[in-house]
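Q: First the structure, which I've put down as structure tokens, then a few questions once you've had a look.
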Amino acid sequence: MSKRKSKENSEESAECISQVQKIFRERFCHNCAAGKLFGMKQQYSHLLELLKRTTVHGESNSALIIGPRGSGKSALLNHVLKDLREMNQVRENLLEVHLNGNCQFLMKNPFLSGLLQTNDKVALKEITRQLQLENVVGDKVFGSFAENLAFLLEALRRGNRTSSCPILFVLDEFDLFVHHKNQTLLYNLFDISQSAQTPVTVIGLTCRQDILELLEKRVKSRFSHRQIYLMNSFDFKEYLKIFKKQLSLPAEFPDEAFAQKWNNNVQHLSEDKAVQDVLQNLFQHTKDLRSLHLLLMLAVSTVTVHHPLLTAADLQEASRQRSSDSRANIVHGLSVLEICLIIAMKHLNEVYDGEPFNFQMVYNEFQKFIQRKAHSMYNFEKPVVMKAFEHLLQLELVQPLERPSVRAQREYLLLKLLLDSRQIMDALQVYPNCPTDVKQWAASSLSWL
């Protein structure tokens, strides 16, 4: 009888741990409206009211959500849409079209389906697909983009403005749509948000603070100039509160006793000096909550039936795993020339306090090292150095600040290094047969410049 009871308890414990991991997977790994928003009460109310005017009162509008990566732009929008759908006064027939200006496939969450819209033709095809109008369009040949879009909206009309089905256009990576030819997509979307009989609201998400300066005059004149700014302005004390809230189990967790035990343990962890040191290091590096989610997900993945509660050691190990990222590991396979270019970029970051640089600046820095008396490096020709530099770009260890234009000179394209000093120095310690003078150059202070 005791064996049967023990087996039942074991099965219950396994189910409990499974529920814990499921909750945190949804909270940390999926960009969905789970958990809480932090420091966005005013922005949430503003955006919710704006979308309610479209869905309830049939008003058309446009707005931009602006903030750095990881500030919660998508999370804010997803929370608002989730709460909007649950409102009784909101009609269930709100149509959503999600487009993404990025040149790679992004699947933000289960109910967003924005694919890669690198030009207006592809974007229009995606709008048609998401509005489920492929059968209406068929093989019909259209004229201009505006005529195409007008036809699609006409197919959705149900009479007057108050009874037409409201449509929400969400443009993620909004600044990349600016590069479309003549900004035709933006012009027509903003134009219909002003004049169309169908209620239409356009919401753009972008990291660019100067986004309005990039818009053509005719596009800017049709934009409502509503801007919602998000900034991670919380201090470390608030960051600790976010840590506790994100790691706590909800009140509706099936096993109340375990949830209480888990949440008490989280409280103790937040007061632990070792845990605070881990969080302080992460906080100083970035306030991006996605980085915190990654740290917590790595820690929670260690939870098992035999190890049901997190420890400070789990978070320390998770921090070590998070910091030993794939980019730092790539450094181990680089040539010595490529290593030298990364060291040159490291010194430029130190001299100019993280400001962007270009290839010519990196090459000049490399030449300073070569011209020193004691060195073991061969003085490569500039085209060879450029080839090595382009390889670093392909490996995404270096990133352009903007999409390069055809006319831009490669030597003067502004870039940033995606490795920090600690990652570079750690990689050099285990780099096979790295010349001593190269290591000394990497570790040298700014005094030799």
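A short reminder: the numbers here are calculations on the coordinates, not readings from a lab. Values in this document were obtained by computation on a predicted structure and should not be read as measured data. Counting neighbours? That spans all protein chains shown, and the Cβs are built from the backbone with ideal geometry, glycine included.
Q: For TYR44 and HIS332 in the same chain, what is the full-extension length gain: residue separation times 0.36 nm, less their Cα-Cα distance, in nm? Intermediate values should be presented prior to the final figure.
A: Values: separation 288, 0.36 × 288 = 103.68 nm, distance 4.49 nm.
Net length gain for the segment: 99.2 nm.
Q: From the square roots a ≥ b ≥ c of the eigenvalues of the alpha-carbon gyration tensor of segment 328-443, which class results: rounded (a/c under 1.5), prolate (a/b over b/c), or oblate? Can you show the working numbers first?
A: Working: a/c = 1.62, a/b = 1.37, b/c = 1.18.
The shape class here is prolate.
Q: Can you tell me which of 208-220, 236-248 comes out highest on packing, and rank the rest after it, using the mean Cβ neighbours within 10 Å? Don't skip to the end; give the middle numbers.
A: Numbers: 208-220: 13.8, 236-248: 15.9.
Result, highest mean first: 236-248, 208-220.
Q: Residue separation times 0.36 nm, minus the C-alpha to C-alpha distance between ARG69 and MET386: what's the value? Display every interim value, and only then the final one.
A: Details: separation 317, 0.36 × 317 = 114.12 nm, distance 2.99 nm.
Result: 111.1 nm gained on full extension.
Q: While we're looking at this one, here's another question. For the pair GLU317 and ASP83, how long in nm is the line joining their label points, each one 7 Å along Cα→Cβ?
A: About 3.9 nm, to one decimal.
Q: Assuming a ≥ b ≥ c are the square roots of the Cα gyration tensor eigenvalues, decide whether segment 205-344 counts as rounded (a/c under 1.5), prolate (otherwise, with a/b larger than b/c) or oblate.
A: It comes out oblate by the Cα gyration axes.
Q: Related question: Segment 214-264: percent of C-alpha pairs farther apart than 13 Å?
A: Values: 931 of 1275 pairs.
Tail fraction, whole percent: 73.
Q: Something else: Quote to one decimal, in nm, the extra length available between ASP277 and ARG25 on full extension: 0.36 nm per residue of separation minus the C-alpha distance between them. Please list the in-between numbers first.
A: Details: separation 252, 0.36 × 252 = 90.72 nm, distance 2.46 nm.
This chain segment gains 88.3 nm when fully extended.
Q: Can you grab the distance from the C-alpha centre of segment 221-298 to the C-alpha centre of segment 340-354, Å, no decimals?
A: Centre-to-centre (Cα) distance: 32 Å.
Q: Hey, another quick one. Cross-link list LYS241/LYS273; LYS82/LYS121; LYS52/LYS181; LYS346/LYS439: which exceed 21 angstrom alpha carbon to alpha carbon? Provide the component values of the computation, followed by the final result.
A: Working: LYS241/LYS273 15 Å; LYS82/LYS121 30 Å; LYS52/LYS181 33 Å; LYS346/LYS439 13 Å.
Going by Cα-Cα distance, LYS82/LYS121; LYS52/LYS181 fall outside the 21 Å limit.
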